[in-house]
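To start, the structure itself, in structure tokens.
The values are calculated or read from the model by the stated rules, or taken from the named source; none is laboratory data. Worth saying up front: this structure is predicted, and the values here are computed from it rather than measured. Glycine also receives a Cβ, built like all others from the backbone with ideal geometry; neighbour counts cover every protein chain displayed. Areas reflect the complete protein model, heavy atoms only, side chains present, ligands, DNA and RNA absent. Shrake-Rupley method; radii C 1.70, N 1.55, O 1.52, S 1.80 Å.
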Number of protein chains: 2
Amino acid sequence: MGTNLSTQEYIVKPNYLKFFERGILKRIITESDNQAGSKVEVVTTASQIPDLVGTEYIEAFNQLNVTRVNVLDIRTREDAGKKEYLDRIREADVVMFSGGDQLRLSSIFGGTEFLQILKTRYQKEKFVVAGTSAGAAAASTTMIYRGQSNKALIKGEVQMTAGLGFIDSVIIDTHFVQRGRIGRLLYAVASNPGMLGIGLGEDAGLLITEGTMMEAIGSGLTILVNGRKMAETNIYDVEMGSPVSIKNMRVSVMSIFDKYDLLTNQLIIKKTIKIEDGVFIAPNNNDVL
Amino acid sequence: MGTNLSTQEYIVKPNYLKFFERGILKRIITESDNQAGSKVEVVTTASQIPDLVGTEYIEAFNQLNVTRVNVLDIRTREDAGKKEYLDRIREADVVMFSGGDQLRLSSIFGGTEFLQILKTRYQKEKFVVAGTSAGAAAASTTMIYRGQSNKALIKGEVQMTAGLGFIDSVIIDTHFVQRGRIGRLLYAVASNPGMLGIGLGEDAGLLITEGTMMEAIGSGLTILVNGRKMAETNIYDVEMGSPVSIKNMRVSVMSIFDKYDLLTNQLIIKKTIKIEDGVFIAPNNNDVL
């Protein structure tokens, strides 16, 4: 059985979903068995403005002729345990986590039956879990939740905790390019070199099939940081508060249609991309994303 | 004979030189034979507000008890040829290029006697050439002068041209972290894999001795991108306007006191850094930067 996890990004401003990002939403729906007839639940827990965000998603999906869209307005751990909500996620085809603060996601859903149902369905059924911004960052087992990145790479500044745990062995950071987060992702991977660092730019998403094959979707830029062959770091030598140095991380740039196999750690780059009327078209494939 | 090139960074705002950045200015002066007695010429050509920038530098150097500081207010190629100015750079101990637009630097100084004098002195004498922001970016033989970096890595978007040419085989980008420029530096190196990409964060500088040994100065973050062992890119395959993918660049993080040898491409990481009263102190060395 195929299982999917899709992640997406947006710029935090009043009009959340721009033209391009609807391309990612569209892809999420095409990955779902019931297509435009899919039942979609939007989880707005990460957001401080859940009503606004929920409405935006409903409208955006409606524009794609997806009309069975509802918001799970869960604000506490108690909310997360409500039988009505558990029933709804058991019946959904797609569950989408909005942006906001990823620490709210992990602290409200960590260890709940709600999360267990999603994980089991993600592993065993044809079911799409998607996340944008904080919702994408929280998808991995380890997540970054805080960390200045404009200054030096200071030991102790980048803070990580357990995420929702849909995907193992990766650390996802979002708004990666716009907020200049290369330093903090390099730091996070240097401290856990077995993890693949994933930096999602604006309107960049990953579709993860079978939990192992990632495909870049959206028009944006995805940066991969592989620390397995890191030559050297002084991260364990220096005192807290001291600047950290890191030698020879392997960094790759994934663009639309590229694939990355998490089992073999191989990036497969699409050699040619056609542009027709400003839209990228994959070679040997008429799918327009 | 030792020759030096120092580069430094600042945030473009009314108060140009902050406390930390004066640390870099101090280091520039300690590298000059005449120390606080050095004759310093500040070249404000890159800037749109040369009077303001010139005054800031004079005041900042004065605070370091360096009083023989003057501004070379060169705004055109004709200015650059004035005999008075050529005489002044022949007598200076330190020439410092301010920030602004690096394309002004290359187009006003390219091919001039002014630049030839500086290069000859840099190669043959104990003489310090320093640059901040655009002045640092223009120091290399190839420089990036334009290129959106917030979106996908699009073929043709990052534009490069010849710089002032003090250092070969490197491409320097500045305001690197704050402006999210990892994408454009990876692109620049992918298109010239023999070049070392250098991304200077805020208050990050490099002291380049003998044209080959670089030392990180300042409190900020420096990112190095080595493309010599890049596995694959589709940069030459895809059409202009298409997104580019890049596989396995080697990326390192340099912090204060680390060194990099441009001849052997080796990064030497300082293992321990002491912190005393919030100031970083190199091991086996009482120099406080």
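In the range B:159-172, how many are β-branched (V, I, T) and free of Cβ contacts under 8 Å to residues at least 60 places away in the same chain?
If we filter the range B:159-172 for residues that are β-branched (V, I, T), which is where we start, we get B:161, B:167, B:170-172.
Among the residues that remain, those that are also free of Cβ contacts under 8 Å to residues at least 60 places away in the same chain are: B:161, B:171.
Qualifying residue count for the region: 2.
Exactly one of these conditions fails for A:I235: (1) of a type in the set (V, I, T); (2) under 15 Å from the mean Cα position of the chain (by Cα); (3) assigned to a loop (DSSP other than H, G, I, E, B). Give me its number.
Going through (1) of a type in the set (V, I, T); (2) under 15 Å from the mean Cα position of the chain (by Cα); (3) assigned to a loop (DSSP other than H, G, I, E, B) one by one, A:I235 breaks only (2).
Considering only residues of the range B:91-110 that are in a loop (DSSP other than H, G, I, E, B) and among the charged types (D, E, K, R), which is least open to solvent (accessible area, probe 1.4 Å)?
B:D93
Which ones in the range B:37-52 are surrounded by fewer than 24 Cβ atoms within 10 Å (Cβ to Cβ) and farther than 20 Å from B:F127 by Cβ?
Residues satisfying the conditions are B:Q48, B:I49, B:P50, B:D51, B:L52.
Cβ-Cβ distance below 6 Å, separation of 6 or more or different chains: which pairs start in the range B:64-90 with a residue that is without any contact (Cβ under 8 Å) to a residue 60 or more places away in the chain and open to solvent by 30 Å² or more (accessible area, probe 1.4 Å) and end on one that is part of a strand (DSSP E or B) and of a type in the set (D, E, K, R)?
As it stands, the answer is B:N70/B:E41; B:R88/B:E41, since those pairs meet every condition given.
So which residues in the range B:215-239 are within 20 Å of A:V251 (Cβ to Cβ) and aliphatic (A, V, I, L, M), if there are any at all?
Scanning the range B:215-239 gives B:A216, B:L221, B:I223, B:L224, B:V225, B:M230, B:A231, B:I235, B:V238.
Restricting to the range A:111-128, name every residue that is in contact (Cβ under 8 Å) with a residue 24 or more places away in the chain, assigned to a loop (DSSP other than H, G, I, E, B) and either in contact with a His (Cβ under 6 Å, 6 or more places away or on another chain) or open to solvent by 30 Å² or more (accessible area, probe 1.4 Å) (or both). Before you say what the answer is, go through the steps one by one.
Taking the range A:111-128 and keeping what is in contact (Cβ under 8 Å) with a residue 24 or more places away in the chain, we get A:112-115, A:117-119, A:121-128.
Then drop every residue that is not assigned to a loop (DSSP other than H, G, I, E, B), which leaves A:112, A:125-127.
Answer for the range A:111-128, where residues must be in contact (Cβ under 8 Å) with a residue 24 or more places away in the chain, assigned to a loop (DSSP other than H, G, I, E, B) and either in contact with a His (Cβ under 6 Å, 6 or more places away or on another chain) or open to solvent by 30 Å² or more (accessible area, probe 1.4 Å) (or both): A:E125, A:K126.
Can you confirm whether B:S140 is surrounded by 22 or more Cβ atoms within 10 Å (Cβ to Cβ), within 26 Å of A:H175 (Cβ to Cβ) and not hydrophobic (A, V, I, L, M, F, W, C)?
no
When residues of the range B:208-223 are filtered for being closer than 14 Å to B:I268 by Cβ and in contact with a Lys or Arg (Cβ under 8 Å, 6 or more places away or on another chain), how many remain?
4
Identify all residues within the range A:253-275 that are under 17 Å from A:G194 (Cβ atoms) and in contact with a Phe, Trp or Tyr (Cβ under 9 Å, 6 or more places away or on another chain); write none if there are none.
Let us first name the residues in the range A:253-275 that are under 17 Å from A:G194 (Cβ atoms), namely A:260-266.
Once the filter is applied, which keeps residues that are under 17 Å from A:G194 (Cβ atoms) and in contact with a Phe, Trp or Tyr (Cβ under 9 Å, 6 or more places away or on another chain), the range A:253-275 yields only A:Q266.
Can you tell me how many residues within the range A:257-272 are open to solvent by less than 30 Å² (accessible area, probe 1.4 Å) and within 7 Å of chain B (Cβ to nearest Cβ)?
3
Taking the conditions exactly as written (under 15 Å from the mean Cα position of the chain (by Cα) and at pLDDT 90 or above), does A:V66 satisfy them or not? Working first, answer last.
Values: under 15 Å from the mean Cα position of the chain (by Cα): no; at pLDDT 90 or above: yes.
No; evaluated as a whole, the condition is false for this residue.
Per-residue answers, yes or no, for (1) at the interface with another protein chain (Cβ under 7 Å from one of its Cβ atoms); (2) open to solvent by 10 Å² or more (accessible area, probe 1.4 Å); (3) hydroxyl-bearing (S, T, Y):
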{"residue": "A:L224", "(1), (2), (3)": "no, no, no"}
{"residue": "A:E239", "(1), (2), (3)": "yes, yes, no"}
{"residue": "A:R250", "(1), (2), (3)": "yes, yes, no"}
{"residue": "A:S255", "(1), (2), (3)": "yes, no, yes"}
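Identify the residue in the range B:159-172 that is in a strand (DSSP E or B) and open to solvent by 40 Å² or more (accessible area, probe 1.4 Å) and, among all such residues, is farthest from B:Y122 (Cα to Cα). It would help to see each step written out before you state the result.
To start, the set of residues in the range B:159-172 that are in a strand (DSSP E or B) comprises B:159-162, B:167, B:170-172.
If we keep only those that are open to solvent by 40 Å² or more (accessible area, probe 1.4 Å) too, we end up with B:159-162.
Values: B:Q159: 27, B:M160: 24, B:T161: 22, B:A162: 18 Å.
Taking the candidates together, the pick is B:Q159.
Would you confirm, using the coordinates I've provided, whether B:G156 is in contact (Cβ under 8 Å) with a residue 12 or more places away in the chain, surrounded by fewer than 24 Cβ atoms within 10 Å (Cβ to Cβ) and within 21 Å of B:V94 (Cβ to Cβ)? Step through it out loud before you land on a result.
On the way: in contact (Cβ under 8 Å) with a residue 12 or more places away in the chain: yes; surrounded by fewer than 24 Cβ atoms within 10 Å (Cβ to Cβ): yes; within 21 Å of B:V94 (Cβ to Cβ): no.
It is false that B:G156 is in contact (Cβ under 8 Å) with a residue 12 or more places away in the chain, surrounded by fewer than 24 Cβ atoms within 10 Å (Cβ to Cβ) and within 21 Å of B:V94 (Cβ to Cβ).
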